[in-house]
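Chemist: Sharing a structure here in structure tokens format.
The values are calculated or read from the model by the stated rules, or taken from the named source; none is laboratory data. Computed from a prediction, not measured in an experiment: that's the story for all the values here. Cβ coordinates were reconstructed from backbone atoms using ideal geometry, including for glycine residues, and neighbour counts include every protein chain displayed. Side chains included, ligands, DNA and RNA excluded: accessible areas come from the protein's heavy atoms. Shrake-Rupley method; radii C 1.70, N 1.55, O 1.52, S 1.80 Å.
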Amino acid sequence: MESTEDLVSISVTVNGRRYADQVEPRWLLAYWLRDRLGLTGTHVGCDTSQCGVCTVILNGQAVKSCTILAVQADNGTVLTVEGLAQDGTLHPVQAAFSEAHGLQCGFCTPGAEMLAVALLEENPHPTEAEIREALDGLLCRCTGYQHIVQAVALAAERKGRGA
Amino acid sequence: MIPERFRYHRARSLDEALDLVAQAPGQARILAGGHSLIPLMKLRLAQPQWVIDVEEVAELRGIREEGEVLHIGAMTRYRELMTDPLVARDAPLLALAARRVGDLQVRNRGTVGGALCHADPAADLPAAALASDAELELRSRRGQRRVALGDFLQGPLTTDLKPDEVLVAIHVPRRPGWGVAYQKFPHPASGYAVVGVAAAIAAESGRVARVCLGVTGVGPRAYRAAASEERLVGTGLDPEVLRAASAVVTDGIAVNHDQFASAEYRRHLAATYAERALAAAWAAIQA
Amino acid sequence: MNALIGQPVRRREDARLVVGRGQFTDDVQLPGMVYAVMVRSPHAHARIRGIDASRALGMPGVLAVFTGRDLEGVLGSVPTAWIPPNSDLKQTPHRPLAVDTVRYVGDAVAMVVAEDRYVARDAAEAVVVDYEPLPAVADVMAAVAEGAPLVHADAPGNIALHWKAGEVPDEVFARAEVVVRQRFRQQRLIPNPMEPRAAVAQYDSATGHLTVWMTSQNPHIHRFILAGILGIPEHHLRVVAQDVGGGFGSKISCYPDEALVAHAARVLRRPVKWVEDRSEHFTATTHGRDHVQEVELAGRRDGTIEALRVKAWANLGAYLSTAAPGVPTILFGLIVNGCYRIPQASTEVFGVYTHTTPVDAYRGAGRPEATYLIERMIDLFADAIGMDPVEVRRKNFVPRDQFPYTNPFGITYDSGDYERALQRALERIDYAALRREQAALRAQGRYLGIGFSTYVEMCGLGPSEVAGAVGFQGGLWEHATVRVHPSGKVQVFTGASPHGQGEETTFAQIVAEKLGVPFEDIEVVHGDTDRITMGWGTYGSRSLAVGGSALAVACQRLVEKGQRIAAHRLEAAVEDVVFEAGRYQVRGVPDRSLGFQEVALQAHLAWNLPPGVEPGMEASSAYNPSNFTFPFGTHVAVVEVDPATGAVELKRYVAVDDCGTPINPLIIAGQVHGGIVQGVGQALWEGAVYGEDGQLLTTSFLDYAMPKARFFPPIETEATVTPSPHNPLGVKGVGETGTIAATPAVVNAVIDALKPWNVRHLDMPLTPERVWRAIHGKGAQG
């Protein structure tokens, strides 16, 4: 099989802005966002696809950006933590994380928030058990999860009221 | 962790994908959801020269009725299995297993084809697909063939997939009215099945007419517990029968052992979970 | 001005963290930055016959490959910072890169630097190291056995240290009515903060100064030690730790990696970044715990404990990490009596070298190991004499009227009311009803267990004189500067180095209340050795008790200075001016007052200051505490065991903690939750496992079970308040209490559930198989 190019052209819409780039196929989406776009809010916490710290929303669904190649996002739409707040107003999930003290060191927080956004999109009124189940896709070493669970519930309540 | 260099091609059609794998036999890997392949590549345990992305291959998508069977495209994601109305009606066992896979993000990406071709001996879907009598539709430039999943799965991360083949779809008999259950003892870290048992039962006048028991996590590959099934057919699934049938669920199997569970314990868990899955499937019929 | 101390103020650090604008070390991007990757040993013990880096060096984009030989005479050894007296500590050189011998899986042998992270990784794979594998020993007891392979030639029998405190004669045990003996294994844990370690180094060739951004809990300690390894004056090195993604002890230690990265930056004249992979973290970052303990308790049938004797073997790994020698000795051995009045107690500890990753502080550091053994022994003793474990605890508590209480090792507990916390917990769970429910369920074949842990811990480290006396090679005071700008805005510079604990908020609360300045006008600066005079960092639940106290003292100095200025301006005597809610007021004359911020402006303008008062409004304090602090409380775990599988379900968890005066209850709750979850992690799931050959078998989140949200019911927390009498805030610290308390509570609960099967003890983690084997009398797994 012949190959002419090591680099592949991609075009991805990230947080509403279109980016065209030449990437190596092996670049992971997480590193592409961090290194090439400077969107360092997406963190990398493991290398076996367990911790969920790198979670972003790709084409409407929560995914682990350390387990997606940047080339796989070609022609896609990515939402990262940097794209949640609109015009300086925190997204209800972000506001709830702060209000409920759903973060300590803040390293897993972007992943936790993206996961929460995706969950609430799918299930606007999750039970506590459903929230804990969804958080299976996230490791947090600081909070013991309790305030994260409360933050997600609070965000759900707010959204439910149309706030 | 970063994969070695490789070349990437996004196939736009099944023909194109088949051409690509045919040109680089053994050196190309099909990239579906990537949740099995990419972690292996990051750890450099898989080092394909070519990665063929089949994301856009329409022929690998879709869930539809084809007479007595349900056709489920290889690119069907776990998430779709969980929510598809046809699956819910005709093959709900697959949905039950899909619900127990990994976590929300993994279920958004992981695919039926990826799971079956990766053949992780502790994956959930193979147990349910075995208990659903799934048949695989494989295509290559040489033609098409159908293989029963039980023959396809050969060992840990080993299948009958030929280097030039692509898994197109699985076909499962439509079984509305069967009682099904998937019971799993997850590993606390990985979420994979230490033991997972998928049970499907058809009843006639209060007795077991047919029963399918798929087991994962226990042996080198997911398998059908034929010895258990035999003991159950024709019975009313009373407790002693249930216990006796479950007790032989690992007969003839080289049972796995690892840090978390010895072979002895896993054998016991398998029997316990077989019992629980069968009882739940039976209860689902009565309901 | 409302009181701020004690209020659940929302954290200000959240503003950047919830939007993804924190600055963690890996977020630092510098022009021309290159990447380092370490080549690490796959062998637990091997001789290095040779290293061939030629292929790596030939790869496009590769800038350098460093080996141990290259660095001899260039970089110093990585020292330990704790030398317990009378312990015959065998310090062995720890070279930044192994020279002839590797001593654990993960020991670094080479560093590759390349233009990008991808090439660096490829090149690291291309470095060929010729190893001659040697026999290895990983288990602590195997390492002290006759004929075990030696980790260091100059540490015979692999004994790194031998330390003793107290003495209990054999006769005490010979004469005792009841003697309970048990061997405990404290399994090895992996800290796993969600942010792996990282470093970015930049060299300024014009000034010869190095800046190192790094994941640190104590930048000044890192500067002190790194400067030594690098052979440069301390003031040529700036260490910055802006946002740090958790530490749990693992980011206290000084590792080779950060020094190597700094060295590469100065040699290559390019900024260099190194970020640990998670897989790398499992072997290259210090582990925690890993003891074998033999414990004997002597008591009377009426429940009185008379003596406790502890002998422990602590696995220290292949090299002495920064605080490692102090963790299983000073931080463990001096408080094994817990919250009980035990007249006689002794501890003997062997620190042992093995071919494993170095072991150092992990959340709680020594105190969880101590609390576990005493809380388990209480239950074993209760069982032996047929008494309720709650009654045994109560009977032996240090009574509230006996504080300060000096324990058998000479440690003086500052204040406490153990009975009150226990009582609160008993009421919360309705103990009597819960026992009835347990009995009723048991009759139905369901097995509930109730477990207690009434803990006390020694934290708020600590008096510097004590640090010196116990061999810690640093001070344990803390520095604070409070700078009031002419506009009245306040900057606080603290030597504490928070990494999730929220001191940007709590410290601002303290200053706002003490100075009466709006909370919004205060900024807390931390984690930068160039901006902060000095500091000893955040660990041992010390930030608030020591760093917060330093702030309180500095604020008091400003208030007093302001008072002199205000009195002068108000034409009143200093003693007639009172300071209240941010205003200086002439006593009895309400309309004659000045706000603190107005006074600050006057201080800066210096147009009209009283004689002897210098211009400016800034004060510092170097607060050296007079004692440790001793938080305490009662934790109760309720579990259910499935006898068919051995699976343990945590049904309920109640924590009553007393951490002295609360500053921010929201943050306290967060610390307690997180601590408990980590403690339960040790009880039920976590454990690093080495094979006999020294291979680490738990190498990722696929096999090392971290606690997940789904494993827990909502944790119920309550507080009692017993202020510490010896610091100006009355605070005690809360960062480690949960981890210290939770582990024995859960294990006691599981053993309680297993009563019908007469199970006396099980070692952690209480995996389903372990529990199932105990129920079915199957003995340990082969």
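Chemist: Among all the lysines, which ones have a C-alpha under 17 Å from C:LYS651's C-alpha, if same-chain residues fewer than 8 places away are not counted?
Modeler: Cross-link targets: C:LYS708.
Chemist: Okay, moving on. Rounded to the nearest 100 Å², what is the buried accessible area between B and A, both sides summed, probe 1.4 Å? Numbers along the way, then the final one.
Modeler: On the way: alone 12940 and 9010 Å², together 18900 Å².
Chain pair B/A: roughly 3000 Å² of buried accessible area.
Chemist: I need the calculated FRET efficiency for the pair B:SER205 and B:ALA88, taking r as the beta carbon distance and R₀ as 25 Å, to the nearest 0.05.
Modeler: 0.40
Chemist: C:LYS164: which aspartates and glutamates have alpha carbons under 13 Å from its alpha carbon, excluding same-chain residues fewer than 8 sequence positions away?
Modeler: Straight-distance partners of C:LYS164: C:ASP88, C:GLU348.
Chemist: Add -39500 (n - 2.57) for each DSSP H run of 4 or more in the protein assembly as shown, then divide by its residues: what number comes out at 222 nm, to the nearest 500 deg cm²/dmol?
Modeler: The helix contribution divided over the protein assembly as shown gives -8500 deg cm²/dmol.
Chemist: Loop by DSSP (not H, G, I, E, B), at most 15 other beta-carbon atoms within 10 Å: where is the longest site-free stretch of chain A for GluC sites (Glu not before Pro)? Can you show the working numbers first?
Modeler: Values: sites that count: A:GLU2, A:GLU5.
Value returned for the longest uninterrupted segment is A:6-163.
Chemist: Cut-off 16 Å, label point 7 angstrom out along Cα-to-Cβ of C:VAL99: give me the residues of the range C:34-59 whose amide nitrogen falls inside.
Modeler: It comes to C:47-51, nothing else.
Chemist: Now for a separate question. How far apart, in nm, are two points set 7 Å out from the Cα along the Cα-to-Cβ line at C:GLU391 and at C:SER626?
Modeler: Between C:GLU391 and C:SER626, the simple spin-label model gives 4.1 nm.
Chemist: What helices does chain C have that are whole DSSP H segments, at least 20 Å long along their own axis by Cα, and with mean Kyte-Doolittle hydropathy of -0.5 or more?
Modeler: C:367-385, C:549-570, C:665-684, C:737-753
Chemist: Now, a different point. Please work out how much accessible surface B:GLU240 shows to a 1.4 Å probe, ignoring ligands, DNA and RNA, in Å² rounded to 10.
Modeler: Taking all protein chains as shown, B:GLU240 has close to 120 Å².
Chemist: Put simply, what bits of the range C:111-151 lose 20 Å² or more of accessible area when the other protein chains are there, versus the chain on its own (1.4 Å probe)?
Modeler: C:ARG117, C:TYR118, C:ARG121, C:ASP122, C:GLU125
Chemist: Now for a different question. Share of the range C:477-623's accessible area from carbon and sulfur, percent, 1.4 Å?
Modeler: 48 percent
Chemist: Taking both sides together, what accessible area is buried at the B/C interface, probe 1.4 Å, expressed in Å² and rounded to the nearest 100?
Modeler: Summing both sides, the interface buries roughly 2100 Å².
Chemist: Same structure again: Please give the contour-minus-distance gain from C:ARG175 to C:ALA443: 0.36 nm per residue of separation, less the Cα-Cα distance, rounded to one decimal in nm.
Modeler: Separation in residues times 0.36 nm, less the Cα-Cα distance, equals 92.5 nm.
Chemist: Which percent of Cα-Cα pairs in the range B:1-150 sits in each 5 Å bin, short to long?
Modeler: Spelled out per bin, shortest first, that is 2, 9, 18, 23, 20, 16, 9, 3, 1, 0.
Chemist: What number, in nm² with one decimal, is the all-direction average of the projected area of the convex hull of the alpha-carbon atoms of chain C?
Modeler: Value for chain C: 35.7 nm².
Chemist: Ok, one more. Can you give the extra length, in nm with one decimal, that the chain gains between C:GLU580 and C:LYS755 once fully stretched, where that is 0.36 nm per residue apart less the Cα-Cα distance?
Modeler: Numbers: separation 175, 0.36 × 175 = 63.00 nm, distance 5.97 nm.
The span from C:GLU580 to C:LYS755 would gain 57.0 nm if fully extended.
Chemist: Oh, and also: At a 1.4 Å probe radius, carbon and sulfur cover how many percent of the accessible area of the range C:1-126?
Modeler: Of all accessible area on the range C:1-126, carbon and sulfur atoms account for 48 percent.
Chemist: Shielding by partners for C:186-195, please: the mean number of other protein chain Cβ atoms within 10 Å of each residue's Cβ.
Modeler: Mean shielding count: 4.
Chemist: Looking only at other chains, what is the average number of their beta-carbon atoms within 10 angstrom of each beta-carbon in C:271-284? All intermediate terms of the calculation are to be shown ahead of the outcome.
Modeler: Values: counts 0, 0, 0, 0, 1, 0, 8, 10, 6, 2, 3, 0, 0, 0.
The mean count of partner-chain Cβ atoms within 10 Å per residue comes to 2.
Chemist: Within the range C:569-609, list the residues whose amide N lies under 15 Å from a label point set 7 Å along Cα→Cβ of C:THR661.
Modeler: C:581
Chemist: Mind checking the dipole of chain A: about its Cα centre, +1 per Lys or Arg Cβ, -1 per Asp or Glu Cβ, Debye to the nearest 20?
Modeler: Values: 11 positive and 19 negative charges, 82 e Å.
Computed about the Cα centre, the dipole is about 400 debye.
Chemist: Could you report chain B's accessible area per residue, 1.4 Å probe, as an integer in Å²?
Modeler: 36 Å²
Chemist: Name the residues of the range C:1-23 whose accessible area, probed at 1.4 Å, falls by at least 40 Å² once all protein chains are in place instead of their chain on its own?
Modeler: C:ARG10, C:ARG11, C:ASP14, C:LEU17, C:VAL18, C:VAL19, C:GLY20
Chemist: Hey, can you find the accessible area per residue of the range C:477-623 for me, probe 1.4 Å, expressed in square angstrom?
Modeler: Working: 5450 Å² over 147 residues.
Per residue, the range C:477-623 has 37 Å² of solvent-accessible surface.
Chemist: What average count of beta carbons from other chains do you get within 10 Å of the Cβ of residues in C:697-704?
Modeler: 6
Chemist: Moving to a separate point now. Any idea how far the Cα center of the range C:287-310 sits from the one of the range C:458-490, in Å?
Modeler: 35 Å
Chemist: Using alpha-carbon positions, what is the distance between the centroids of the range C:1-51 and the range B:22-53, in Å?
Modeler: Each part reduced to its Cα centre gives a spacing of 31 Å.
Chemist: For the C and A pair, go ahead and give the buried accessible area with a 1.4 Å probe, both sides summed, in Å² to 100.
Modeler: Interface area, both chains combined: 4500 Å², rounded to the nearest 100.
Chemist: Follow-up. Want the number for C:TRP607 to C:THR207: 0.36 nm per residue separation, take away the alpha-carbon distance, what's left?
Modeler: 140.1 nm
Chemist: Using R₀ = 41 Å, calculate the FRET efficiency as 1/(1 + (r/R₀)^6) where r is the Cβ-Cβ separation of C:ARG185 and B:THR235; round to 0.05. Intermediate values should be presented prior to the final figure.
Modeler: Values: r = 47 Å, r/R0 = 1.15.
Calculated value: 0.30.
Chemist: With +1 assigned to the C-beta of every Lys and Arg and -1 to the C-beta of every Asp and Glu, and no other charges, what is the dipole magnitude of chain B about the Cα centre in debye, to the nearest 20? Could you put the intermediate results ahead of the total?
Modeler: On the way: 34 positive and 33 negative charges, 109 e Å.
With Lys and Arg at +1 and Asp and Glu at -1, about 520 debye.
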